[in-house]
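Taking it in order: structure first as structure tokens, then the write-up.
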Amino acid sequence: LGETLRAKLAVMHREGDGPFKDKNGGGFAPAPGNPGGTLNNPVVDPPVREDAWTARGILVWEPTDSLTVDLIGEYIDAEYGGNASRILQARPPLTSGLGYTPPKFGFETDHDGLGFSTLETKRGVLEVNWEIGGGLLTSVSAYRHLDYLTNGDNDGTPFTILHFPDNTADSKQFTQELRFVTDITSN
């Protein structure tokens, strides 16, 4: 942007159906926990969506040989569907009472709810470096705001065994660092 001012902007967008689909494999038979021997809420091969945006801007100002100011801003807005849970390793004790026989391919997903995750972050960092008095004085100021929501089926079975519904995080953080670096060994 000039002799003393530079800028860079990077934007990324990712969109797709995600890395897996729920195949609803395995078999069902009448059992104490599932007298009908059926699946009540089948999830039939839904795509796992992914829609993520990231934007990062950097502004560098060098008004003199001894002063540099860097400003970095970042914004992320992402939405993901589901989690690729492997069917529980301890499945015989948990699933035998439900009359469920997992599919032979252990990495096949078989959820009763794929769940989702949403993430939004805003971040800003201001770094000032000033060569003064035989050393370098650095100030780093930073702010971050995070909003996160996830709802997951982590057991990998078509039953509600290990679910984590509506987990949220909303955090704001401000940090300030001030340091002075000098060579104390020189004459």
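Summed over region 130-168, the residues that are part of a loop (DSSP other than H, G, I, E, B) and either hydrophobic (A, V, I, L, M, F, W, C) or open to solvent by less than 50 Å² (accessible area, probe 1.4 Å) (or both) give a count of 7. Candidates in region 136-187 are the residues that are charged (D, E, K, R) and under 23 Å from the mean Cα position of the chain (by Cα); of these, the one that is farthest from Asn34 (Cα to Cα) is Arg144. Scan region 48-66 and tell me whether some residue there is at pLDDT 60 or above, open to solvent by less than 30 Å² (accessible area, probe 1.4 Å), of a type in the set (Gly, Ala, Ser) and at negative phi. Checked region 48-66: at least one residue is at pLDDT 60 or above, open to solvent by less than 30 Å² (accessible area, probe 1.4 Å), of a type in the set (Gly, Ala, Ser) and at negative phi.
The values are calculated or read from the model by the stated rules, or taken from the named source; none is laboratory data. The model shown is predicted, which means the values in this text are computed figures rather than measured ones. All accessible areas refer to the heavy atoms of the entire protein, side chains included, with ligands and DNA or RNA removed. Shrake-Rupley method; radii C 1.70, N 1.55, O 1.52, S 1.80 Å.
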